[in-house]
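Quick note: the coordinates plus some simple rules give every number you see, no bench work behind them. Given the structure is predicted, the values throughout are model-derived calculations rather than measurements. Cβ sites come from the backbone with ideal geometry, for glycine too, and all protein chains shown count toward neighbours.
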Amino acid sequence: MSENAAGVRELADGNELPVLGLGVWQVQDGRTCVDSVRWALDAGYRHIDTAQAYGNEESVGRALRDSGVPREEVFITTKFYPEGGDPVAEAEKSLRRLGVDQVDLYLVHWPAGGPTRAWAGMERALERGLARSIGVSNFSAAELDTVIAAGSVVPAVNQVLFNPWHRRTRLVEACARHDVVVEAYSPLGTGRYLDDPTVSKIAGALGRTTAQVLLRWAVQHGLVVLPKSTHQDRIAANAQIFDFALSDEDMAVLDGLDETGGTEQAHENKWW
Ligand code: A2P
């Protein structure tokens with residue numbers, strides 16, 4: 001496999017999702033965001049993850065157009081800001097900001113007002129072709145069960161905080177039972193696990209960076225990873241995760257760092 005040939009996961013609805021995406025949470029709108037997305041596309045990323053709440057959809061759209069990479073080659077995710085408003089009307093606004101006709105994936109950003117509140121509107125956005133797939137983010141196993149029981153479309157994806165310290169085994173297993181692909185946000189712990197001695201030891205032995213080890217660990221668990229960076233060299237290096245593998249022993253050592261007790265919850269510090 002060539003170094004940047006990121007794999008793809010097939011979603012339950014038949015659409016394909018690249019395993020590596022650039023996350024742009026906390027990336028400042030304007031030049032910083034445009035450059036970061038552009039560097040990612042230049043480095044071979046074909047998946048960008050933004051949200052209405054991030055305030056940088058216009059910059060994502062500008063970088064996409066400037067890159068010259070054909071629209072159909074890039075998987076674009078945005079997320080419905082769930083504290084009010086209508087998912088259809090808000091999707092239309094996102095499409096205008098992004099400058100595209102359709103997003104590839106549209107997620108309920110968190111289960112504000114309960115897991116089902118936004119879902120009928122999300123299904124309408126799908127029916128109207130505003131998104132090719134719909135899903136959720138920050139949903140626990142119980143919340144996923146509830147939305148699946150109430151809706152007619154099963155969420156294609158659940159995007160959650162996931163890294164060795166937040167392994168959420170029971171949530172990941174619940175998603176697998178429903179054929180819901182799990183996406184890892186903050187796979188580097190928003191940067192705070194990059195100097196961890198356990199990860200550093202494994203990285204040193206493999207001649208890899210700690211970021212690459214953390215991303216590879218999540219990929220080997222079958223997740224999609226969404227690392228964030230605003231530095232060109234880091235963005236490029238974070239994509240070099242498809243030309244090596246962690247041994248079963250290294251996987252087990254990293255698995256042992258979990259502090260969630262294998263929880264079925266999506267978050268320890270809910271803001272909603
Ligand atoms: P920066 O944006 O300044 O490059 P997460 O993906 O878990 O949210 O982590 C993102 C954080 O990790 C950001 O602060 C980012 O900083 C930093 N980061 C991302 N990739 C790397 C890397 N390869 N080396 C060092 N820091 C990184």
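Residue by residue through the stretch 178-210, note down the ones that are on the phi > 0 side of the Ramachandran plot, within 12 Å of the ligand (Cβ to nearest atom) and in a loop (DSSP other than H, G, I, E, B).
Within the stretch 178-210, 186 is the sole residue that qualifies.
Among the listed residues 248, 258, 233, which satisfies the condition of being in contact (Cβ under 8 Å) with a residue 60 or more places away in the chain and surrounded by fewer than 18 Cβ atoms within 10 Å (Cβ to Cβ)?
258
Name the one entry in 153, 225, 213, 147 that is under 18 Å from residue 19 (Cβ atoms) and in contact with a strand residue (DSSP E or B) (Cβ under 8 Å, 6 or more places away or on another chain). Walk me through it before giving the result.
On the way: 153 fails: under 18 Å from residue 19 (Cβ atoms); 213 fails: in contact with a strand residue (DSSP E or B) (Cβ under 8 Å, 6 or more places away or on another chain); 147 fails: under 18 Å from residue 19 (Cβ atoms).
Exactly one of 153, 225, 213, 147 is under 18 Å from residue 19 (Cβ atoms) and in contact with a strand residue (DSSP E or B) (Cβ under 8 Å, 6 or more places away or on another chain), namely 225.
Can you confirm whether residue 95 is over 17 Å from the mean Cα position of the chain (by Cα), farther than 20 Å from residue 134 by Cβ and not basic (Lys, Arg)?
no
Just the residues that are away from the ligand (no atom under 11 Å from the Cβ) and of a type in the set (D, E, K, R), please, taken from the stretch 225-272.
If the condition is that a residue be away from the ligand (no atom under 11 Å from the Cβ) and of a type in the set (D, E, K, R), then 243, 248, 249, 250, 255, 258, 259, 264, 268, 270 are the ones that fit.
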